[in-house]
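Down below is the structure, laid out as structure tokens.
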Amino acid sequence: MLELDLSADIQALRTTFDNISEVVDVDAQRAEIAKLEERAADPDLWSDQENAQKVTSQLSHRKAAVRKIENAGQRLDDLEVMVDLANEMEDEDTAEEARVELAALEKTIADLEVQTLLDGEYDERAAVMTIRSGAGGDDATDFAEMLMRMYLRWAERHDYPVKVLDTSYAEGAGIKSATFEVSAPYAYGVLSVEAGTHRLARISPFGSADKRQTSFAAVEVIPLMEEAQEITIPETDIRVDVFRSSGPGGQSVNTTDSAVRITHLPTGIVISMQNEKSQIQNRAAAMRLLQTRLLLLQKEEEAAKKKELAGNITASWGDQIRSYFLYGQQLVKDLRTGFEMSQPDQVFDGDLDGLINAGIRWRKRSDED
């Protein structure tokens, strides 16, 4: 006689789901959606295309977030009905379907739970990611390009709009650096756990000796500030250089010198921007990014001073966070969380949710210690 008892598992999931719903506040989200819909219906909205795109993007993502919560709740209800049906009909096929759905729901609700951990000051903002190649020659520049593709594929899997702001191509393979914007609510909170040094170990495709090569790349993640009003930058503090945009191999892409490089003289911070259509747009985008970095630098210095006064100084910038092994035992391992994946190809194709979610949980525990 079939007796499928998943009541304890379902109750645990429902408790977690109820906690998530309370934190997310679905009613408040629906109220915000109504306001955004009202703005989106304004015929004058599209007179400012950039603002219109932001409004419609926010509306789309908030609707998607509410849908995820509602769908999870409906699936929980359906699962209970499925279990009752399996027991009543003594149907092993339905029982197996219920077990599979339980496992899928556990992952879905775990992913939703991670989102409730994103409560930092800037976590809800869009993200600007910069990838820079490190030591390792052609392997390092190739690795930097692999990481860029990995994050772009991850964003594509989630339907997050991405805008490449600047790319510096290497003379050989890959890229020296790239900066791109991921426009989605909480993109910064999610992607900020990816900041740090990444290491690749593999048999180099660029050497003839078939030797193992280790190369490095650095990932920087900052929140996108719509207006960094708190930071005023005197014109005397910056140097602006204009140059021609370039593509792979150094070929010209634009017929005019529209790319802009801004150097902040007091700090040495350099911002390059070449993907907007005009020099004016590139300069405005570069200034906004410079303001954001200066604001974050100011807050980091304040935080470091507080730690120094408390007698607890920890250096975390530039620390190696993850290793990718593409020889022998195929493995991707996060050195902070211990989370591992044995299919590097899937990771480089954007399957990052497990690594990212483990990082968010690790960060939350570290903040609470």
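What the table below lists for this structure:
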{"item": "Lone unmet requirement of (1) crowded, with 20+ Cβ neighbours inside 10 Å; (2) farther than 24 Å from LYS364 by Cβ for SER192", "result": "(2)"}
{"item": "Within the range 174-189, considering residues that are touching a strand residue (DSSP E or B) at 6+ places or on another chain (Cβ under 6 Å) and of a type in the set (A, V, I, L, M, F, W, C), the one surrounded by the most Cβ atoms within 10 Å (Cβ to Cβ)", "result": "ALA187"}
{"item": "Out of GLU37, GLU50, GLU32, sole residue that is closer than 26 Å to LYS163 by Cβ, open to solvent by less than 70 Å² (accessible area, probe 1.4 Å) and not aliphatic (A, V, I, L, M)", "result": "GLU32"}
{"item": "Pairs where the first residue, in the range 21-34, is closer than 11 Å to ILE69 by Cβ and the second is of a type in the set (D, E, K, R), C-beta under 7 Å, 6+ apart", "result": "GLN29/ARG62"}
{"item": "Hits in the range 126-142 (condition: surrounded by fewer than 23 Cβ atoms within 10 Å (Cβ to Cβ), at negative phi and either out of contact with any strand residue (DSSP E or B) (no Cβ under 7 Å at 6 or more places or on another chain) or among the acidic types (Asp, Glu) (or both))", "result": "ASP138"}
{"item": "Inter-residue pairs, beta-carbon under 6 Å, first part of a loop (DSSP other than H, G, I, E, B) and in the range 137-163, second at pLDDT below 90, 6+ apart", "result": "TYR160/ALA184; PRO161/SER183"}
{"item": "Cβ-Cβ under 8 Å pairs, at least 6 apart or on other chains, the range 332-352 side without any contact (Cβ under 8 Å) to a residue 24 or more places away in the chain and more than 14 Å from TYR151 (Cα to Cα), far side open to solvent by less than 10 Å² (accessible area, probe 1.4 Å) and assigned to a helix (DSSP H, G or I)", "result": "VAL332/PRO344; VAL332/VAL347; VAL332/LEU355; PHE339/LEU355; PHE339/GLY359; MET341/VAL347; MET341/LEU355"}
{"item": "Residue among GLU145, GLU113, GLU171 that is farther than 23 Å from LYS364 by Cβ, at pLDDT below 90 and open to solvent by 70 Å² or more (accessible area, probe 1.4 Å)", "result": "GLU171"}
{"item": "In the range 143-176, the residues that are on the phi > 0 side of the Ramachandran plot and among the acidic types (Asp, Glu)", "result": "ASP159"}
{"item": "Scan of the range 195-249 for residues that are at pLDDT 80 or above, open to solvent by 50 Å² or more (accessible area, probe 1.4 Å), in a helix (DSSP H, G or I) and of a type outside the set (Ser, Thr, Tyr), ordered by number", "result": "GLU235"}
{"item": "Members of the range 56-110 that are open to solvent by less than 80 Å² (accessible area, probe 1.4 Å) and not in a helix (DSSP H, G or I)", "result": "ASP91"}
{"item": "Any hit, the range 178-193, residues being over 11 Å from the mean Cα position of the chain (by Cα), among the hydrophobic types (A, V, I, L, M, F, W, C) and farther than 30 Å from ALA65 by Cβ", "result": "no"}
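The values are calculated or read from the model by the stated rules, or taken from the named source; none is laboratory data. Note that the structure is predicted; figures quoted are calculated from it, not measured. Virtual Cβ from ideal backbone geometry, glycine too; neighbours counted across all protein chains shown. Side chains included, ligands, DNA and RNA excluded: accessible areas come from the protein's heavy atoms. Shrake-Rupley method; radii C 1.70, N 1.55, O 1.52, S 1.80 Å.
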